[in-house]
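Before any comments, here is the structure.
Throughout, read-outs are computed from the coordinates displayed, never taken from laboratory work. Owing to the predicted nature of the structure, the values given are computational and were not obtained by experimental measurement. Virtual Cβ from ideal backbone geometry, glycine too; neighbours counted across all protein chains shown.
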Amino acid sequence: MRYYSLNHNSKDTSFKNAVIRGLAPDRGLYFPNQIPILSKKFFENIEHISVPEMAFQIIKPYVGKEIDNKKLLSIVTETLDFEFPIVQITDNIAAFELFHGPTLAFKDVGARFMARALGHFSKSMEDNTTVLVATSGDTGGAVANGFLGVDGVEVIILYPKGKISEIQEKQITTLGQNITALEVDGVFDDCQEMVKAAFLDPSLTKMNLTSANSINVARWLPQMFYYFIAYRSLKNKNKKLVFSVPSGNFGNICAGVMAQQMGLPIDHFIASTNSNDSVPRYLKTGNFEPLQTIQTISNAMDVGNPSNFIRIQKIFNNDIFRMKKIISGYSYSDIETKKSLIEIYKKNGYIADPHGAVGFLGLKEYLSKQNKDHYGVFLETAHPVKFIDSVEKILKLKVQIPNRLKSALSKKKSCIPIKDFSELKSYLLN
Ligand SMILES: *Cc1c(COP(=O)(O)O)cnc(C)c1O
């Protein structure tokens with residue numbers, strides 16, 4: 001498979017180069033030259049093959065011969081080495097729990113796949129690769145955990161001092177080995193600006209710097225697996241499947257739409273957002289007008305200008321009417337999100353997290369306009385414990401902290417404080 005830049009000002013490239021570079025030289029996002037279509041037989045048989053075998057067949061056309069079959073199968077097997085339960089909430093609604101990975105965030109799957117793919121490619125390179133990533137919370141933990149101990153790859157995580165939760169901070173500052181945390185005296189946007197500046201700085205270009213956020217094809221594409229896994233379990237319901245995806249940067253929902261384009265029978269997608277509603281507004285007005293980011297209680301979706309939206313537009317050839325047939329968009333305030341958390345708990349006995357609660361709202365709104373032959377799944381993208389302060393306060397209860405988090409909490413934080421780009425640069429050059 002070849003990948004081209006959506007800015008159309010760079011040459012197309014291999015999977016390996018797309019993974020190593022992250023962004024194309026013209027700063028565009030990479031997109032595959034074609035979307036492969038899986039055979040009818042694949043879908044007829046899907047429940048009779050294992051999840052890793054299924055994932056292998058899905059991702060294989062995107063990787064081509066650049067990773068041999070045996071290695072690729074072992075990469076997807078390790079990537080998906082945990083549970084993906086579907087929990088029935090009402091007659092026609094289920095929560096699809098994507099948070100059973102090592103850092104309790106759905107980003108684990110993409111980060112684990114990318115770490116293994118990049119680790120594989122960097123074996124054939126002379127110099128180390130340095131992954132530079134800014135985090136507002138969940139990305140840092142998933143990336144750090146995915147890359148821990150991967151030979152030939154150094155990971156540097158920038159996070160805003162005092163602006164992430166204690167659990168999140170411990171997940172990135174207690175690992176050691178090839179993971180370094182830089183505590184930035186500023187906000188998330190400062191961290192992101194510094195990372196961008198590093199990629200543009202001529203004195204750093206010889207450093208093999210790459211990014212590990214969802215613009216990287218190796219983090220984005222494996223998210224397709226979720227939708228196939230859900231379909232595989234729900235196929236025998238013989239209902240029209242609808243997915244509600246709590247969306248921020250729109251990588252996850254974009255992967256879902258890709259899965260559908262590959263032939264996966266999904267009837268509809270719902271882009272559920274918090275007050276950062278650029279996409280629901282676009283679907284209403286036809287104008288894409290990103291606004292300043294607004295802070296909310298579902299903060300992993302606090303994105304004013306979602307970077308993966310351009311890939312969704314590409315899939316529909318910039319035709320909003322085609323897009324609207326497949327995607328609906330709804331946005332909810334924090335007050336509505338809190339009410340939703342309470343409703344899911346009181347009526348259905350399920351403790352959601354604020355992101356899942358937004359997904360639930362979008363799903364209910366969509367289903368209320370359909371007839372009864374639909375089955376709705378909302379993605380639960382984080383364990384409620386990752387947003388323990390909000391969840392405990394809103395539901396007035398104590399959330400159990402899983403054991404694997406307790407061990408990180410008891411370790412000592414280790415990080416390097418930095419103030420500005422010049423300090424980051426001198427750190428990188430040493
Ligand atoms: C990252 C994240 C999202 C948003 O996913 P996108 O792919 O950026 O749309 C939603 N929920 C949680 C908990 C996240 O960490």
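Tabulated results
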read-out	value
Relative counts (whole %) of C-alpha pair distances in the stretch 105-233, using bins that are 10 Å wide	13, 42, 34, 9, 1, 0
Protection-proxy order for peptides 108-117, 173-182, each taking the mean of Cβ atoms within 10 Å per residue, highest first	108-117, 173-182
Burial order of peptide ranges 227-234, 216-223, 394-401 (average beta-carbon count within 10 Å, highest first)	216-223, 227-234, 394-401
Antiparallel content of DSSP bridges confined to the stretch 1-159, in %, to 5	55
Cα gyration tensor shape for the stretch 40-117, rounded if a/c is under 1.5, else prolate or oblate	oblate
Over the chain: helical MRE at 222 nm, DSSP H runs n ≥ 4 each giving -39500 (n - 2.57), nearest 500	-12500 deg cm²/dmol
Gyration tensor verdict on the stretch 269-371 (Cα atoms; rounded if a/c is under 1.5, prolate if a/b is larger than b/c, oblate otherwise)	oblate
Label-point separation, Thr77 to Leu234 (7 Å along Cα→Cβ), nm	2.9
Listed peptides 162-168, 138-144, 63-69 by packing density, highest first (mean Cβ within 10 Å)	138-144, 162-168, 63-69
Whole-number D in µm²/s for the chain (Stokes-Einstein; Kirkwood sum over Cα pairs; 10 °C, 1.306 mPa s)	73
Rounded to 5, the percent of DSSP beta bridges in the chain classed as antiparallel	20
Within the chain: Cβ-based charge dipole about Cα centre, in debye rounded to nearest 20 (Lys, Arg +1; Asp, Glu -1)	900
Segment Lys324-Lys413, length gained on full extension (0.36 nm per residue, minus Cα span)	27.4 nm
Between the stretch 270-319 and the stretch 47-69, the alpha-carbon center distance in angstrom	31
